[in-house]
Amino acid sequence: MTHPTPTPTPTVTAAANSTSDTRTDAPGRSPRWRRVGRVLLGVAVLVVALVMWFVGQLVISPSADNGPGDTDPGGYAALAALLRDEGIDVVETDGYRTLRDRDLSRATVVVTRTRTLDRTSWQALLALRPGRVVLVAPNPATLERLGVPASAERVTQATGAVVPGCSDPAADRAGAITVPGGVDAYTATGQAVAACYPAGPAGHLHLVLRVDGVPVVLTPPVGTNRALASEGNAAHAMQTLGAEPVLMWWFPRQNDPALAGAEGEDGGDPGNRLPYPSLLPPGWIHAVGLALLAVVVVAVWRGRRLGPVMVEDLPSVVPASETVEGHGRLYARLSARDTASRHLRSAATRRLARLLGQSDDPELLARTLADRTGWSYGEVRHLIDGPAPPNDEQLVILKRKLDALEQEARRP
């Protein structure tokens, strides 16, 4: 079997070893500047990570937290399950239109994220005349902003088990509750319907008022997943939120179009649809940030500079004939007739294209060779661009026909 004749290469390019004393640094780069560059890169990665964390805190939907679907310690998933078992219809929404389109006369509207409730949303909610409104742990600024006739004072120490201390039947049925430190106690600045669970001079932990004719309950967060199993917390939370057959869990948003009477083009309320991030599990932005940070670290690790590209002489000069013979033996051992025929055809095609001043396109070159040599177009095309030979004998025949075609093409 004959073998292709490659062009010998006198030099090769190689990446200089990063540990070599003479090739570690490009001209003009000192070790000190390289150290400064690494420090700056580390600072940049840290800044990017902090920015991504901060953006994640802003992007995560607030409705995913402190709601009936939140299984975190501060969520209310366990309480919502208990209420549903008792036949309470628990509905979660962040759009005012959902409230407006329902009959709230026998419904409890609970707001666990009271800091997002503004005066406009509050007045619009009271105008719907719900059966009762429950505000969970509103702070003094919220009470003042909404105009609720009550004041709040922080209870810094845990109060332990607190008995109702009032005549409210619901509180009597619930019994004592356990409230941790850091919550607010409330004092009515007007007439209160009920004031239960006294917390000393700070006021009461559970306060029922009547605002514009609507019962409003100020209550501590005893219904969270973390606190539900303590004392009578579960009973108190169920009595407070399950007093009506429907529980509307509302996450008010500022600039809700439904508050201004605006509707979407399709007749739906854009404020009634949860934002896209709420479709993802909580903390997804942190996972994405860590993944991107890992990509940056791997890129810096794997992309470290190996040094400038160097041109080196071969350690020894190998005759071209020995290289050709070595390649041929390898092809023969591997039965790589497809590779051998491809090299033969490509070399012959390049020489014929230069000879005839044609491109190396097989179709154009085959037509030109057929006109020049008198061979048929199909024979020439099959010869320079056909399938690989099935055996060594056909490979030898292919080489001989290519030589004959070149000789015919070179004739004047």
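Residue by residue, here is whether (1) within 18 Å of residue 112 (Cα to Cα); (2) out of contact with any helix residue (DSSP H, G or I) (no Cβ under 6 Å at 6 or more places or on another chain); (3) not basic (Lys, Arg); (4) not assigned by TED's automatic domain parsing to the domain that holds residue 114 holds:
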| residue | (1), (2), (3), (4) |
| --- | --- |
| 188 | no, yes, yes, no |
| 196 | no, no, yes, no |
| 201 | no, yes, yes, no |
| 205 | yes, yes, yes, no |
| 209 | yes, yes, yes, no |
| 218 | yes, yes, yes, no |
| 228 | yes, no, yes, no |
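Contact map, region 290-302: first residue closer than 15 Å to residue 43 by Cα, second residue of a type outside the set (Asp, Glu), Cβ cut-off under 6 Å, separation 6 or more or different chains; pairs are 293/49; 296/45.
Of the residues making up region 92-121, those that are in a strand (DSSP E or B) and either of a type in the set (Asp, Glu) or in contact with a helix residue (DSSP H, G or I) (Cβ under 7 Å, 6 or more places away or on another chain) (or both) are 92, 93, 108, 109, 110. Of everything in region 57-91, what is hydrophobic (A, V, I, L, M, F, W, C) and either under 29 Å from the mean Cα position of the chain (by Cα) or modelled with pLDDT under 85 (or both)? Give them in sequence order. Those that are hydrophobic (A, V, I, L, M, F, W, C) and either under 29 Å from the mean Cα position of the chain (by Cα) or modelled with pLDDT under 85 (or both): 58, 59, 60, 64, 77, 78, 80, 91.
Is it the case that residue 217 is in contact with a His (Cβ under 8 Å, 6 or more places away or on another chain), hydrophobic (A, V, I, L, M, F, W, C) and in a strand (DSSP E or B)? Criteria met by residue 217. Within region 278-298, identify whether any single residue is outside the structural domain of residue 134 (by TED's automatic domain parsing), closer than 22 Å to residue 121 by Cβ and at pLDDT below 85, and answer yes or no. Yes, some residue in region 278-298 is outside the structural domain of residue 134 (by TED's automatic domain parsing), closer than 22 Å to residue 121 by Cβ and at pLDDT below 85.
Inspect all residues belonging to region 190-198 and state whether any of them is among the small types (Gly, Ala, Ser), assigned to a loop (DSSP other than H, G, I, E, B) and modelled with pLDDT of 90 or more. For region 190-198, residues among the small types (Gly, Ala, Ser), assigned to a loop (DSSP other than H, G, I, E, B) and modelled with pLDDT of 90 or more: absent. Summed over region 188-209, residues that are surrounded by fewer than 17 Cβ atoms within 10 Å (Cβ to Cβ), more than 17 Å from residue 236 (Cβ to Cβ) and hydrophobic (A, V, I, L, M, F, W, C) total 0. Summed over region 122-150, the residues that are hydroxyl-bearing (Ser, Thr, Tyr) and crowded, with 22+ Cβ neighbours inside 10 Å give a count of 0. Based on this model, can you work out whether residue 185 counts as in contact with a Gly (Cβ under 6 Å, 6 or more places away or on another chain) and either charged (D, E, K, R) or surrounded by 21 or more Cβ atoms within 10 Å (Cβ to Cβ) (or both)? The answer is yes for residue 185. The number of residues in region 152-177 being surrounded by fewer than 17 Cβ atoms within 10 Å (Cβ to Cβ), at negative phi and not in a loop (DSSP other than H, G, I, E, B) comes to 6.
The values are calculated or read from the model by the stated rules, or taken from the named source; none is laboratory data. Bear in mind the structure is a predicted one, so any value in this text is a computation, not a measurement. Reconstructed Cβ throughout: ideal geometry from the backbone, glycine too, with neighbour counts over all protein chains shown.
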